[in-house]
Amino acid sequence: RLRTHSASGEGSTGQPQTEMTEGRHCQVHLLDDRRLELLVQPKLLSRELLDLVASHFNLKEKEYFGITFTDDTGQQNWLQLDHRVLDHDLPKKPGATILHFAVRFYIESISFLKDKTTVELFFLNAKSCVHKGQIEADSETIFKLAALVLQEAKGDYASDENARKDLKTLPAFPTKTLQEHPSLAYCEDRVIEHYLKIKGLTRGQAVVQYMKIVEALPTYGVHYYAVKDKQGLPWWLGISYKGIGQYDLQDKVKPRKLFQWKQLENLYFREKKFAVEVHDPRRISVSRRTFGQSGLFVQTWYANPSLIKSIWVMAISQHQFYLDRKQSKAKIPSARSLDDIAMDLTETGTPRVSKMVTLEAKSQFIMASNGSLISSGSQDSEVSEEQKREKILELKKKEKLLQEKLLKKVEELKKICLREAELTGKMPKEYPLNVGEKPPQVRRRVGTAFKLDGSLLPSKEDPALQDLESNFLIQQKLVEAAKKLANEPDLCKTVKKKRKQDYTEAVKKLQEIENAINEYRIRCGKKPSQKATAILP
């Protein structure tokens, strides 16, 4: 058991003791059966509490997890991350408030998880849900899963006696499975049969196989709520990463209706009613909102107001999770192979979550007042102060190196801007200046200047055509100069982009002049030319 306490009194916070009694004692049940006890202060946000719990697992992928509690009506609710913990309808009974840390947002496969700690926690969560009957499976699947739990926890089969003894202590059988069979001994025999078949499996392979079986179960990752329809008939409403499903009361496996997130246009609730607007192009109905035919129809369910609000909160958060994943699909790295994950989990030999730093004899105080979490306590605070000093020194070194690097880059930018000014005769606005500093005067460098050869100009037989041809020759030289500037090496990104734009515009203008020449030539009965096409790459 992991036991921590909130600091109180003048010594630790500099506040009078009375102010500290505003908080509420909470006990967070973790997935590895440990319990975290703390005093939650009024201003503490749920997000900060989740951060604190996640820090005990060194958990990086926090986005899949949440903290849940059971209210006075017996309904399970999730803390909303942007709300204060104590603003929720927590149970009013005396004693510590019980909270549970669990997986809230599920995904298709653990192969999309980046960190092995997250995989471990998904496994512990699945094991707990199967044991509690929240994930339903037939008896044969339960026996296979129980064998994998044995293999993961105890290694290879040693004897029937040991296996039976271990099965009594491990979370292996849901109550429903035990009720379906004549005796516990029968269930144990069936598990041992499977246990013998998987001899030689590493711990990581056992975890991966367990998750592979569980992820294929229809009830995996679904949050179920008891609701009624308009006629007052009872149903299960299942909300998951796939969408919202309506299930028969006796069958949580196959939904009667399934509305995928991409089909849903709107989700809303009012007192005892939860409604979704579903987009179905095959179904044409008259809509009040559009005053005409529409592919939208509204599906509603009913329950008590607190449950309806819980359903709405879950639906909104799952829909947001679906959108976030859809948006970041391009950024998500390709799924890791399950063999790699198994190897990764086996390396440590024992669950990583059980190897975390536990707080035993030393008294660590968790201060959760004013929405912040501060660790204090004699020995621990000295260590943290020392670490803080080291971190500050390290950051100062990094800052110095970055400053030096920045100065070098500024000097490079100045040189590039000067080179551009020598070519164009104009100092670019990107030239870095200190406060009150004036930009340096520059002379245009010869290189991009050009002169027109008189012999290249056409004869004076047609002044209008001669004018156009002269413009063409001048623009042609401008294009060549712009191209030289655009292809110059060692340019900063902004300058290079600007020069490319200048070159493109110059080419466009050249083409326009040629088009004007050709239009004139055609009007005069002459053949059109293709000078620009011949010059440009």
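The values are calculated or read from the model by the stated rules, or taken from the named source; none is laboratory data. What you are looking at is a predicted structure, and each value in this text was computed from that prediction instead of being measured. We place every Cβ from the backbone using ideal geometry, glycine too, and count neighbours over all the protein chains shown. With ligands, DNA and RNA removed, areas are computed over all heavy atoms of the protein, side chains included. Shrake-Rupley method; radii C 1.70, N 1.55, O 1.52, S 1.80 Å.
Kindly list the number of the only condition in (1) open to solvent by 10 Å² or more (accessible area, probe 1.4 Å); (2) touching a residue at least 12 places away in the same chain (Cβ under 8 Å) that fails for residue 161.
Here residue 161 clears every test but (2).
Name every residue in the stretch 484-495 that is open to solvent by 60 Å² or more (accessible area, probe 1.4 Å) and touching a Pro at 6+ places or on another chain (Cβ under 9 Å), in order of residue number.
Answer for the stretch 484-495, where residues must be open to solvent by 60 Å² or more (accessible area, probe 1.4 Å) and touching a Pro at 6+ places or on another chain (Cβ under 9 Å): just 494.
Just for the stretch 129-157: of the residues that are among the hydroxyl-bearing types (Ser, Thr, Tyr) and closer than 19 Å to residue 205 by Cα, which one is farthest from the chain's Cα centre (by Cα)?
157
Among the listed residues 317, 363, 354, which satisfies the condition of being touching a strand residue (DSSP E or B) at 6+ places or on another chain (Cβ under 8 Å) and at pLDDT below 65?
363
So which residues in the stretch 65-75 are modelled with pLDDT of 90 or more and surrounded by fewer than 18 Cβ atoms within 10 Å (Cβ to Cβ)?
68, 70
Please determine, by comparing only the residues of the stretch 1-55 that are open to solvent by 20 Å² or more (accessible area, probe 1.4 Å), in a helix (DSSP H, G or I) and of a type in the set (S, T, N, Q), which one is modelled with the highest pLDDT.
The qualifying residue modelled with the highest pLDDT is 55.
For the stretch 216-261, name all the residues that are open to solvent by 60 Å² or more (accessible area, probe 1.4 Å) and touching a residue at least 24 places away in the same chain (Cβ under 8 Å).
Listed by number, the residues that qualify are 218, 228, 230, 253, 254, 257.
Report, by residue number, each residue of the stretch 242-287 that is touching a Gly at 6+ places or on another chain (Cβ under 6 Å) and either not in a strand (DSSP E or B) or not assigned by the TED database to the domain that holds residue 321 (or both).
Matches in the stretch 242-287: 255, 261, 280, 281.
Quick test of your reading of the structure: residue 58 fulfils all but one of (1) surrounded by fewer than 17 Cβ atoms within 10 Å (Cβ to Cβ); (2) closer than 22 Å to residue 305 by Cβ. Name the failing condition by number.
(2)
Of the residues 526, 509, 498, which single one is under 14 Å from residue 478 (Cα atoms) and open to solvent by 60 Å² or more (accessible area, probe 1.4 Å)?
After ruling out the rest, the residue left standing is 509.
Scanning for something polar (S, T, N, Q) and either under 31 Å from the mean Cα position of the chain (by Cα) or within 30 Å of residue 257 (Cβ to Cβ) (or both), does the stretch 182-198 turn up at least one residue?
There is no residue in the stretch 182-198 that is polar (S, T, N, Q) and either under 31 Å from the mean Cα position of the chain (by Cα) or within 30 Å of residue 257 (Cβ to Cβ) (or both).
Select from the stretch 56-79 the residues that are under 11 Å from residue 101 (Cβ atoms) and not in a strand (DSSP E or B) and list them in ascending order.
56, 57, 59, 62, 79
For every residue, the table says whether it meets (1) surrounded by fewer than 17 Cβ atoms within 10 Å (Cβ to Cβ); (2) in a helix (DSSP H, G or I); (3) out of contact with any helix residue (DSSP H, G or I) (no Cβ under 6 Å at 6 or more places or on another chain).
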site: 122; (1), (2), (3): no, yes, no
site: 125; (1), (2), (3): no, yes, yes
site: 129; (1), (2), (3): no, yes, yes
site: 136; (1), (2), (3): no, no, yes
site: 140; (1), (2), (3): yes, yes, yes
site: 144; (1), (2), (3): no, yes, no
site: 148; (1), (2), (3): no, yes, no
site: 152; (1), (2), (3): no, yes, no
site: 156; (1), (2), (3): yes, no, yes
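Let me confirm something: among 301, 312, which residue is open to solvent by less than 60 Å² (accessible area, probe 1.4 Å) and either in a strand (DSSP E or B) or modelled with pLDDT of 90 or more (or both)?
Just a single option satisfies the conditions, and that option is 301.
Let's see how each residue does on (1) open to solvent by 10 Å² or more (accessible area, probe 1.4 Å); (2) acidic (Asp, Glu); (3) in a helix (DSSP H, G or I); (4) modelled with pLDDT under 95:
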{"residue": "95", "(1), (2), (3), (4)": "yes, no, no, yes"}
{"residue": "101", "(1), (2), (3), (4)": "no, no, no, no"}
{"residue": "114", "(1), (2), (3), (4)": "yes, no, no, yes"}
{"residue": "117", "(1), (2), (3), (4)": "no, no, yes, yes"}
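Of all the residues that make up the stretch 183-211, how many are surrounded by fewer than 20 Cβ atoms within 10 Å (Cβ to Cβ) and of a type in the set (S, T, N, Q)?
So the count comes out to 2.
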